[in-house]
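Note sheet for the following structure.
Laboratory data are not the source of any read-out in this text; all were calculated from the coordinates shown. Everything numeric in this text was worked out from a predicted model, so none of it was measured. In this analysis, Cβ positions are derived from the backbone assuming ideal geometry, glycine residues included, and neighbour counts consider all displayed protein chains.
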Amino acid sequence: MRSAKQFFRQAGAIGFWLVLWQCAAMAVGQEVFLVSPLQALRTLAGLLPRADFWQRVGFSSGRILLGFGLGVAVSVLLAVGAQRWQGVELLLAPVMQLVKATPVASFIILALVWVRGANLSVLISFLMVLPVLYGAVRTGIRSADPKLLEMAAVFRLPLRRRLKAVWLPAVLPAFRQGCSTALGICWKSGVAAEVIGLPNGSIGDALYRAKITLATGELFAWTFVIILLSAAFEKLFLALLDQLTGAVLGKEEASC
Amino acid sequence: MLKIQHLEKRFGDQILFRDLNLTVDAPAILCAPSGWGKTTLLRILMGLERPTGGTVTGAGRVCAVFQEDRLCPQLTAVENVALVLPGAAKQYQQDILDCFQQLGMEDEVLELPACRLSGGQKRRCALLRALLAPGDTLLLDEPFTGMDPDTLLRATALLKSRCAGRPTLLTTHDPEAIRALGWQVIRLEEL
């Protein structure tokens, strides 16, 4: 009952802003400057049946998610390494700080010198995701209960059992939170890389073309697609992660 | 046989033990007033604390009840016990259930994650984990905390039947437990 009420409240809030947007578009009266939500939806509906639309979605999703996947793998390895060896932690600290502080545009322009435009979004989304997930996994590792670790040492628990009983319950909540943030970041930075790198057949390329041809409707439609894709992949990934957490740790984890 | 020779432990300038010698070849109760270093001594024997001097030999593989319960909160009582046993958990299931029954733990409680158990239930779980785990030496730091008199008697009976003559050091202030166990009492302040 409460969730239905909450749903209607949220839908009401979205409806309010859509009406306001529609009114603003009608007041401006020129679609080049501000397209109405109805027109943006019409443009999107026109894009949906086209094969090149789905090719672009596949092209960009594949590369951006590859960058995310690499970010997950490398950040977990580096975080474990940093926990194990202080030298690794010391060496990585300035690198992670640098990646976090550097504007994404600087990375994109620099990376264009090293990699082809088609692979740029892989590298950029990887780089943007890396410090977020590295930090999340480090936080999770640090939150592991030292008393349980002592217990595991005294009873000489094998690594697999230590992982399942002590490390994963500590790391997974922080990792989940990090993934939620990182998935949004990798879509934003990946598409930004495509807009600058202009690989043929990408969403970023479509956005750029919409901009130079003043096709504001398409610009809004593609932006809407990016938001939807980002939200859908986040929901899907987190649902899979929750399933995995339930399978590994048991369903009771949530109640503790 | 657990042998402690010329053990010394300092924390900065403070000396906790100096030239402590003790041999344990059977179950024994370690008594001392609070602050005399019972827990520190057990932690040294567990290998969690380094002595400043002296040697400990013969501890082998240690099974312990810690000062705190140290149960994995997301696991059930049975899973917490099975965690420290080698091989598949299923083969021990019945033995664990029987022991919990002896300790007065009802079946429905055993389905709950450890984070939802009461203090006394957690303590029984920690005690059973130490008793069933494969090991050469048993080190039990106040294992009866939070148990009512009936549970205490059940726990001492199980402990006596399960420690199987292994070198065992148990710390407690509880005269009822000392009486029920009937083991040799070692007074730390007299060593």
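log10 I(q)/I(0), Debye, Cα-only segment A:1-77, no solvent, q = 0.15, 0.17, 0.23 Å⁻¹?
Per q value, in the given order, log10 I(q)/I(0) is -0.87, -0.90, -0.94.
Distances longer than 15 Å among the Cα atoms of segment B:1-56: what percent of all pairs is that?
Everything past 15 Å amounts to 47 percent.
With the contact rule set at Cα under 8 Å and sequence spacing of 6 or more, what percent relative contact order holds for chain A?
The value is 24 percent.
If you average 1/r over all unlike Cα pairs in the protein assembly as shown and invert the result, what Kirkwood radius do you get in angstrom?
About 26.7 Å, per the Kirkwood formula over Cα pairs.
Which residue fluctuates the most in chain B, going by a Gaussian network model with Cα springs under 10 Å, if the choices are B:67, B:94, B:14?
Maximum among the listed residues: B:14.
Under the Cβ-under-4.7 Å rule, which cysteines of chain B stay unpaired?
Isolated Cys, chain B: B:31, B:63, B:72, B:99, B:125, B:163.
Write out the GluC sites (Glu not before Pro) in segment B:68-145 meeting two conditions: DSSP loop, and at most 13 other Cβ atoms within 10 Å of their Cβ.
For GluC sites (Glu not before Pro) across segment B:68-145 that sit outside H, G, I, E and B with at most 13 neighbouring Cβ atoms in 10 Å, the list reads B:106, B:108.
How long are the three semi-axes of the equivalent ellipsoid for segment B:85-191, computed from the Cα gyration tensor as the root of 5 times each eigenvalue, in whole Å, largest first?
The equivalent ellipsoid of segment B:85-191 has semi-axes of 24, 17, 12 Å.
Along segment B:181-186, what does the Karplus equation 6.51 cos²θ - 1.76 cosθ + 1.60 (θ = phi - 60°) give for ³J(HN,Hα), rounded to whole Hz, x for Gly and Pro?
6, x, 8, 4, 9, 9
Take every Cα pair under 8 Å in chain B that's 6+ residues apart, average their separations, divide by the length, and report that relative contact order as a whole percent.
Computed over chain B, the figure is 31 percent.
Taking N as the number of residues in chain A, what is its alpha-carbon radius of gyration divided by 2.2 N^0.38 Å?
Taking the Cα Rg and dividing by 2.2 N^0.38 Å, one obtains 1.22.
Looking at segment A:1-41, which chymotrypsin sites (Phe, Trp or Tyr not before Pro) are DSSP coil and have at most 16 other C-beta atoms within 10 Å of their C-beta?
Here the chymotrypsin sites (Phe, Trp or Tyr not before Pro) that fit, given the DSSP loop and packing criteria, are A:33.
What is the ratio of the Cα radius of gyration of segment B:2-190 to 2.2 N^0.38 Å, with N the residue count, to two decimals?
Normalised Cα radius of gyration, segment B:2-190: 1.03.
With charges only on Cβ, +1 for K and R and -1 for D and E, what is the dipole size of segment B:90-191 about its Cα centre, in debye, rounded to 20?
Charge dipole of segment B:90-191: 220 debye, to the nearest 20.
If one computes the Cα centroid of segment A:210-252 and of segment B:1-79, what distance in Å separates the two points?
Using only Cα atoms, the two centres lie 54 Å from each other.
Select from chain A the helices, each a whole stretch of DSSP H, whose alpha-carbon atoms run 27 Å or more along the helix axis and whose Kyte-Doolittle mean is at least 0.5; answer none if there are none.
Counting only whole DSSP H runs, the qualifying helices are A:2-28, A:51-84, A:117-142, A:168-197, A:216-249.
Report the full-extension gain for the segment residue A:105 to residue A:18: residue separation times 0.36 nm, less the Cα-Cα distance, to one decimal in nm.
Length difference between fully extended and current span is 28.2 nm.
Using helices alone, what [θ] at 222 nm do you get for chain B, with -39,500 (n - 2.57) per DSSP H run of 4 or more residues, divided over all residues and rounded to the nearest 500?
-9500 deg cm²/dmol
With a point put 7 Å past each Cα toward its Cβ, work out how far residue A:160 is from residue B:190 in nm, to one decimal.
Computed distance between label sites residue A:160 and residue B:190 equals 5.0 nm.
What spacing in nm lies between the two simple spin-label points modelled at residue B:173 and residue A:83, each 7 Å away from Cα in the Cβ direction?
Here the answer is 3.7 nm between the modelled labels.
Among the trypsin sites (Lys or Arg not before Pro) in segment B:3-83, which ones are in a DSSP loop with at most 16 other Cβ atoms within 10 Å of the Cβ? Mind listing them?
In loop regions of segment B:3-83 (DSSP not H, G, I, E or B), the sparsely surrounded trypsin sites (Lys or Arg not before Pro) are B:61.
To the nearest 20 debye, what is the magnitude of the charge dipole of segment A:34-255 about its Cα centre, counting +1 on the Cβ of each Lys and Arg and -1 on the Cβ of each Asp and Glu?
340 debye
Tell me what chain A gives for mean residue ellipticity at 222 nm when only DSSP H runs of n ≥ 4 count, each as -39,500 (n - 2.57), the sum divided by the residue total, rounded to 500 deg cm²/dmol.
-28500 deg cm²/dmol
What's the Cα-based Rg to Rh of segment A:138-256, Rh via Kirkwood?
That ratio equals 1.22.
Return the subset of A:100/A:188; A:100/A:147; A:100/A:164; A:164/B:122 for which the Cα-Cα distance in this structure is over 24 Å, preserving the input order.
Where the Cα-Cα span goes over 24 Å, the pairs concerned are A:100/A:147; A:100/A:164.
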